[in-house]
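Below is one structure, written out as structure tokens, with a few remarks after it.
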Amino acid sequence: RLVHLDLKGAAPRAQYLEQVLPLLRALGATGLLLEYEDTFPYTGPLELLQAPHAYSPAELRALLSQARAQGLDVVPLLPFPLQFVLKHREFAHLREVKALPNALNPHKEESLALVKAMIDQVMALHEDLQWFHIGCDEVYYLGEGEESKQWLQQQDNTPEKLCLSHIKAVATCLASSYPMVTPIVWDDMLRGMSEETLTESGVPQLVQPMIWDYAADIDVEGKVQLIQKYRRCGFSKVWFASAFKGATGVNQSLTLIGHHLSNQLEWLQVASRSPVDVLEGIALTGWQRYDHFSVLCELLPVAIPSLAVCLQALKNGGYSEKVKENVENLLGMSNLEVDTFTSTSLGTFPGSNILTLVTQVSFYLKSSVDELLERNRYVTGWFSPYHRKRKIIHPIIIHHFQPDAVSLLSKWNAVLQDLQAAMEQVFHRCAIEEWMEENVHPSLQKLQQVVDDLDEA
């Protein structure tokens, strides 16, 4: 049971992750799937890939050593296709399609040299790895570059074969230097391929596919058949991938636990109908962005109750009153709801104060400001945009809503001060800034502006 930490946005400080590891272990995790992206401390020509808040080698070594001490296997994930690399001008010449940083040009020798250099640097910081996830999902626009178009014009060449040869090249690159490490790939590019194409490619002997589906009602029968198909093609083992957050809305701020719990229960059904020896494990994904360029979805501390419920359900083969009690004890929460957004009761797990404050902001900030500015008759009738622009107001009207506006503003400023302080313990400034600009500023600035306009009027 691997917990996926997606670090391509709002990457928590290393100290926070170290606080969380013992909890993950207690909840039933047996490993971590670490998607570093731009938070890895690359060196040399790759140094420019680092985000300003990337982890230092010392921080990563300490984190990895604590994971080992907790008995957690670590599986690094390098997300080929490499949007976070190809967005840089220095690597733009390796794009499959010149204008789009979506896929690596598989025909260039330099592309493979880049892949190898990245794998080598990640491997150098990790010890005793058994698996290495090489991504290979959603390789959009592969086959649309000029060299690929020429390649596809040759007899018997197809987009599927191009994709498989790309996977094979990356997997071989890993296997040739690190024969003890098994590559894992996302399976979405493989699902629709014929058994013959897959079998002939030689890919099944090189990688283990990770079958992902984050829906609350997955097609269990379809998944069972897909596993059988993969076995017939020669894949020795498969992985499942469920989700505990980051899969129900691109800009979602709170995690609906019920959706993710249903997802785990469906995967348990697939597992119960699959041969025991075929399943290597399950990764509980926790996406932080839908891709490198999209906004943040639920922050990690906000989704810890969901992760706890999901891990415990998988560990215990289902979810019951007893499992619920266990989760509540481990999180220090009284009454954890799975069918509504998490209650505002504070837990004792690391970052639980962030969950409480984010819940407050998500539920009440916009609605309280809208209530005042769009549904208060004194504002809409006597202090409309027309009045505000000209700074006209009848003095008596001010008394009808200025006290409410000022008190609402000071209430939210106090909440946001607490939230800012709580977030600083866990995140770097860039993540806090982004979250506030997306989720707080639109409403707060409207409120501030009306108070300012009232003062002037």
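A compact table of results
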quantity: Selection count, segment 286-338, where residues are of a type in the set (Lys, Arg) and touching a residue at least 60 places away in the same chain (Cβ under 8 Å); calculated: 2
quantity: Test for Gly318: is it at positive phi, in a loop (DSSP other than H, G, I, E, B) and not assigned by the TED database to the domain that holds Asp418; calculated: yes
quantity: The lone exception for Leu226 - which of (1) within 30 Å of Leu357 (Cα to Cα); (2) in a helix (DSSP H, G or I); (3) open to solvent by 10 Å² or more (accessible area, probe 1.4 Å) it fails; calculated: (1)
quantity: Flag for Val20 being open to solvent by 10 Å² or more (accessible area, probe 1.4 Å), of a type in the set (Val, Ile, Thr) and in the same structural domain as Ile167 (by the TED database); calculated: no
quantity: Pick from segment 412-428, criterion in a helix (DSSP H, G or I) and either in contact (Cβ under 8 Å) with a residue 40 or more places away in the chain or of a type in the set (Val, Ile, Thr) (or both), ranking: most open to solvent (accessible area, probe 1.4 Å); calculated: Asp418
quantity: Test result for Lys322, open to solvent by 20 Å² or more (accessible area, probe 1.4 Å) and of a type in the set (Lys, Arg); calculated: yes
quantity: Filter result (modelled with pLDDT under 95 and open to solvent by less than 20 Å² (accessible area, probe 1.4 Å)) within segment 116-144; calculated: Gly135, Cys136, Val139, Gly143
quantity: Which numbered condition Leu409 misses (of (1) farther than 19 Å from Lys245 by Cβ; (2) not in a helix (DSSP H, G or I)); calculated: (2)
quantity: Residue check for Leu365: of a type in the set (A, V, I, L, M, F, W, C), under 42 Å from the mean Cα position of the chain (by Cα) and within 30 Å of Met333 (Cα to Cα); calculated: yes
quantity: Candidate set: segment 180-216, residues that are under 19 Å from Phe132 (Cα atoms) and assigned to a helix (DSSP H, G or I); chosen: the one most open to solvent (accessible area, probe 1.4 Å); calculated: Gln205
quantity: Residues of segment 371-383 satisfying the condition of being in a helix (DSSP H, G or I) and either at pLDDT below 95 or touching a helix residue (DSSP H, G or I) at 6+ places or on another chain (Cβ under 8 Å) (or both); calculated: Leu372, Leu373, Glu374, Tyr378, Val379, Thr380, Trp382
quantity: Segment 145-157, subset open to solvent by 10 Å² or more (accessible area, probe 1.4 Å) and outside any helix (DSSP H, G or I), residue nearest to Ala69 (Cα to Cα); calculated: Asn157
quantity: Any hit, segment 159-167, residues being farther than 30 Å from Ser294 by Cβ, open to solvent by 70 Å² or more (accessible area, probe 1.4 Å) and either assigned to a helix (DSSP H, G or I) or among the polar types (S, T, N, Q) (or both); calculated: yes
quantity: Test: residue in segment 354-366 that is in contact with a Phe, Trp or Tyr (Cβ under 7 Å, 6 or more places away or on another chain), surrounded by 14 or more Cβ atoms within 10 Å (Cβ to Cβ), free of Cβ contacts under 8 Å to residues at least 24 places away in the same chain and outside the structural domain of Cys297 (by the TED database); calculated: no
quantity: Unmet requirement for Asn329, which otherwise passes all of (1) surrounded by fewer than 17 Cβ atoms within 10 Å (Cβ to Cβ); (2) more than 30 Å from Glu438 (Cα to Cα); (3) in contact with a helix residue (DSSP H, G or I) (Cβ under 9 Å, 6 or more places away or on another chain); calculated: (3)
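The values are calculated or read from the model by the stated rules, or taken from the named source; none is laboratory data. Keep in mind it's a predicted model, so treat the numbers as computed, not measured. Heads up, the Cβs are rebuilt from the backbone with ideal geometry, glycines too, and the neighbour counts pull from every protein chain shown. Just so you know, the surface numbers come from the protein's heavy atoms only, side chains and all, with ligands and any DNA or RNA stripped out. Shrake-Rupley method; radii C 1.70, N 1.55, O 1.52, S 1.80 Å.
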